[in-house]
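All remarks here apply to the structure that follows.
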Amino acid sequence: MRMRRDILAEARRGFRGAYIGVGLFSALVNVLMLTGPFFMLQVYDRVLASQSVPTLIALFALAAVLYLFMGVFDFVRSRILSRVAATFDARAREAVFGIYVARGLSPEGGKYRPLMDMATIRNWTSSPAPMALFDLPWFPFYLGIVALMHPWLGLLAAAGAAVVLVTALLNQWLSRDPASRAAQGEAVESRFATQAQRSGDALLAMGMITNVGRRWSGMRKEAAEAQQLGVERAEGFTSFSKSFRLMLQSAILGLGAYLAIQAEISPGMIVTASIVAGRALAPIDQTISSWSGTQRARISWQRLKSYLDGVTDEGEEMTHLDSPKGQVTVEHAWKMAPALHAAAPSPTPILADINFTLQPGDGLGVIGPSASGKSTLARLLCGLWLPDRGAIRVDGATFQQWPTDQIGPAIGYLPQQVELLSGSIAENIARFDPKAEDSEIVKAAQMAGIHDMVLEMPDGYATHVDSDAMPLSGGQRQRVGLARAIFRMPRLTVLDEPNSNLDAEGDAALANAVQALRADGGTVVVMAHRPSAIAAVDHVLMLRKGQQIAFGPKAEVLSQVTRPRAVGEGG
C-alpha cells in the first residue's frame with residue numbers, strides 16, 4: 001500500500017534541537033554584544049575619573065576574553081545553520097530529483113525546476129539572513145538597557161525602533177508581488193531558453209534565431225522589470241533604514257549630552273546609550289537588507305512544498321512481490337490527451353480500449369501509421385505513464401503495486417530519442433549501478449553488437465560521453481541505449497522504434513538481441529519503424545488512430561495489412 005509522504009517534513013525532522021541550539025547561542029552572543037558598550041562606560045566613568053592604569057588593563061583583559069567567547073559562539077551558531085542546510089539538502093535531494101525526473105516524463109510535467117528551489121533554500125539557510133531573524137527578538141532587550149540609563153533615552157530609542165519596524169513591514173508588503181512575478185518570469189524564460197538551445201540546429205538552419213531571440217527577450221524583459229522593481233524598492237527601504245539609524249544614534253547622543261549637562265546621567269552613558277540603541281536596531285536593518293533573499297527562499301519553499309504535495313511513498317510500506325517473470329496483461333487500457341486548459345472540452349483519447357496478453361518469452365511488434373499511439377503504448381507498458389481507464393499488469397500486479405526498486409531493474413526501455421548521461425560508456429550501459437560487474441556490461445554490449453565498436457575507441461568502455469558534447473553518432477547512441485535496455489536480461493523489454501538510426505549491421509544486432517531476450521524467457525515489445533524491426537517477434541499488434549485494429553500471430557496480422565508501408569510509418 002502506498003502512503004502519502006511529506007518529503008520536506010522528513011528532511012526537517014530532528015532539526016528542532018539544532019534550532020534551539022542556535023537560539024541559545026544567539027542569546028549568548030547578544031548578551032556578550034554589551035561587552036563593548038559597558039567597557040566604554042567603565043572607561044569613561046571609572047578609569048578616566050580614577051586615572052587608574054591597572055583598572056584599565058583589567059577591564060581590557062576581561063573585554064578581550066568576552067569578545068573571544070562571543071566570536072566562538074557566533075561561529076558555532078553559523079556552523080549549526082550551515083550543517084542544517086547541508087543535512088536538509090542531503091536528506092531531500094535524491095527524493096526530489098527522482099520525483100523531478102519522473103514527473104518530467106508525464107504529459108504535463110517538466111515545467112518546474114525544483115532543484116533550483118532546493119539550492120535557493122540551502123543557500124539562504126547557510127547565509128547570515130537566518131541569524132538576523134534569531135537576533136531580532138533581542139531588540140526589546142537592548143531598548144530596555146537604554147531605558148535603564150534614562151527613560152527619555154529609552155523612549156527615543158523605542159520611537160526609532162517603531163519607525164524602522166514600520167519600514168520593514170512596508171518593505172515586505174511592497175516587495176512581495178514583484179518578487180513573486182520575477183520568480184515566475186525567470187522560470188518561464190529559463191525554460192524557453194533551454195528549449196531553444198536543444199533546437200539550436202533547426203533554429204540556425206531556418207533563420208529563426210532573431211525571432212526566437214526577440215521572443216525570449218520579451219519574456220526576460222518582463223521578469224527583469226519585476227525584479228528591478230523589487231530590488232529598487234528594497235534598496236530604497238534599506239537606504240532609508242541605514243540613514244535613519246545613523247540619525248537616531250546622533251539624536252541619542254544629543255539627548256544624552258543634554259541629560260549629562262543636566263547631571264541626570266554620567267558622561268559615559270552618552271556614548272553607551274548610542275551604541276546600545278544602534279545594536280537594538282541592527283537586526284531590523286539586517287533583516288531589511290536581506291529581505292529580497294528571504295522572499296525568494298519563502299517563495300521557493302512554498303513552490304517546492306506545493307510541487308511535492310501528495311507524493312506517495314514507495315518504500316518499506318509496499319510488499320515486495322515474487323521476482324517478475326514477464327507476463328504482460330493490458331486490460332481495456334485508455335490514455336487521454338492532457339487538456340490544454342480548464343475550459344477545454346472532453347480530452348481526446350490517444351489510446352482507446354487496448355486489450356491483449358503476452359506470456360514470458362513472447363515477442364510483440366506494434367505497427368501502425370504516424371500518431372497511432374505506439375510511443376504512448378510504450379510508455380504505458382514501462383509504467384512511465386498510467387492508463388486513465390483500464391489496467392496494465394505485469395505478472396498480475398499493476399505498476400502502482402510494484403515497488404520501484406523491484407520492477408525497475410526488471411524492465412528494459414529504449415526510447416525514440418536516446419539521451420546518454422554524462423559518464424563513461426560502461427556506466428551508461430550499467431545504468432550507473434556501482435555494483436555492476438564488468439562481465440555483465442560486456443555481455444550487454446555484445447548482445448547489442450557494439451563491443452567491437454567500443455573497443456575501437458581510444459578509451460574503450462571508459463570513453464566519456466555527454467549529451468551536450470556527444471562523441472557518438474545517432475546510430476551509435478541508439479545501440480548504446482539498446483545495450484542499456486537489455487542490461488542484465490530484463491523480464492520486460494520495450495523498444496520504441498529501435499532501428500530508426502541503424503544500418504543493416506545494427507538491424508541484425510537488434511534481431512539477435514530480441515531473440516536472445518526471448519530465449520531467456522523475457523517478454524519483448526518492439527514499436528516498429530521499419531519491417532526489419534519485427535523480424536524476431538511472433539505476435540503483432542496493429543494500431544490506427546489509437547484504436548486496436550488487430551492482434552495475433554505475426555503472419556496472420558501482417559496478411560491483413562494491405563499496404564506494406566503501414567508497418568514502417570512513424571508514430
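If the Cβ limit is 9 Å and pairs must be 6+ apart or interchain, which residue in region 143-157 that is not assigned by TED's automatic domain parsing to the domain that holds ALA257 pairs with which residue that is surrounded by fewer than 21 Cβ atoms within 10 Å (Cβ to Cβ)?
Partner pairs satisfying both residue conditions: none exist.
From ALA516, ALA508, ALA536, which residue is surrounded by fewer than 16 Cβ atoms within 10 Å (Cβ to Cβ), outside any strand (DSSP E or B) and at pLDDT 90 or above?
Only one candidate passes the filter, namely ALA508.
Those residues that are polar (S, T, N, Q) and surrounded by fewer than 17 Cβ atoms within 10 Å (Cβ to Cβ), I need them from region 34-60; list them, please.
Matches in region 34-60: SER50, GLN51, SER52, THR55.
Please determine whether any residue of region 153-170 is buried (at least 17 other Cβ atoms within 10 Å of the Cβ), hydroxyl-bearing (Ser, Thr, Tyr) and at negative phi.
yes
I'd like the full set of residues that are more than 46 Å from the chain's Cα centre (by Cα) and under 21 Å from PRO37 (Cβ atoms), limited to region 53-80.
Within region 53-80, THR55, LEU56, ILE57, ALA58, LEU59, PHE60, ALA61, LEU62, ALA63 meet the criteria.
Of the residues that make up region 469-479, is at least one under 20 Å from LYS374 (Cβ atoms) and buried (at least 22 other Cβ atoms within 10 Å of the Cβ)?
yes
Pick out the one residue from ASP507, ASP503 that is in the same structural domain as LEU381 (by TED's automatic domain parsing), touching a helix residue (DSSP H, G or I) at 6+ places or on another chain (Cβ under 6 Å) and among the charged types (D, E, K, R).
ASP507
Take ALA426 and tell me if it is assigned to a loop (DSSP other than H, G, I, E, B) and either surrounded by 13 or more Cβ atoms within 10 Å (Cβ to Cβ) or at pLDDT below 95 (or both).
When the stated conditions are applied, ALA426 does not pass them.
For region 539-549, give me the residue count where each residue is surrounded by fewer than 17 Cβ atoms within 10 Å (Cβ to Cβ) and either outside the structural domain of VAL514 (by TED's automatic domain parsing) or part of a strand (DSSP E or B) (or both).
Number of matching residues: 3.
Six or more apart or on different chains, Cβ atoms under 7 Å: show the pairs whose first residue is in region 203-224 and in the same structural domain as ALA179 (by TED's automatic domain parsing) and in contact (Cβ under 8 Å) with a residue 12 or more places away in the chain and whose second is β-branched (Val, Ile, Thr) and surrounded by 12 or more Cβ atoms within 10 Å (Cβ to Cβ).
Within 7 Å, the pairs are MET219/VAL188.
For ILE99, indicate whether it is in a helix (DSSP H, G or I) and either over 29 Å from the mean Cα position of the chain (by Cα) or at pLDDT 90 or above (or both).
No, not satisfied.
If you take just the helices (runs of 4 or more DSSP H) that sit entirely in region 148-267, which of them hold at least 1 residues that are touching an Asp or Glu at 6+ places or on another chain (Cβ under 8 Å)?
151-198, 209-261
Does ALA234 fit the bill of being within 15 Å of SER292 (Cβ to Cβ) and surrounded by fewer than 19 Cβ atoms within 10 Å (Cβ to Cβ)?
The answer is no for ALA234.
Could you tell me whether any residue of region 126-145 is out of contact with any helix residue (DSSP H, G or I) (no Cβ under 7 Å at 6 or more places or on another chain), over 25 Å from LYS242 (Cβ atoms) and not polar (S, T, N, Q)?
No.
What are the residues in region 186-226 that are modelled with pLDDT under 80 and of a type outside the set (A, V, I, L, M, F, W, C), if any?
GLU186, SER190, ARG191, THR194, GLN195, GLN197, ARG198, SER199, GLY200, ASP201, GLY207
If I filter region 433-462 down to residues being surrounded by 15 or more Cβ atoms within 10 Å (Cβ to Cβ) and under 32 Å from the mean Cα position of the chain (by Cα), which single residue comes out as farthest from ALA504 (Cα to Cα)?
ALA436
For region 274-305, what are the residues that are within 25 Å of TYR258 (Cβ to Cβ) and among the polar types (S, T, N, Q)?
Once the filter is applied, which keeps residues that are within 25 Å of TYR258 (Cβ to Cβ) and among the polar types (S, T, N, Q), region 274-305 yields only SER274.
Every residue in region 141-193 that is in contact with a Lys or Arg (Cβ under 6 Å, 6 or more places away or on another chain) and closer than 30 Å to GLN228 by Cβ, please.
Answer for region 141-193, where residues must be in contact with a Lys or Arg (Cβ under 6 Å, 6 or more places away or on another chain) and closer than 30 Å to GLN228 by Cβ: LEU174, SER175, GLU189.
Residues ALA371, ALA410: which one is buried (at least 18 other Cβ atoms within 10 Å of the Cβ) and in the same structural domain as PRO553 (by TED's automatic domain parsing)?
Going through ALA371, ALA410 in turn, the sole match is ALA410.
Could you tell me whether region 466-478 includes any residue that is in contact (Cβ under 8 Å) with a residue 40 or more places away in the chain, closer than 19 Å to CYS382 by Cα and assigned by TED's automatic domain parsing to the domain that holds LEU381?
Within region 466-478, one or more residues are in contact (Cβ under 8 Å) with a residue 40 or more places away in the chain, closer than 19 Å to CYS382 by Cα and assigned by TED's automatic domain parsing to the domain that holds LEU381.
The values are calculated or read from the model by the stated rules, or taken from the named source; none is laboratory data. Bear in mind that the values here come from a model prediction, so they are computed numbers and not experimental data. So basically every Cβ, Gly included, is an ideal-geometry build from the backbone, and we count neighbours across all protein chains shown.
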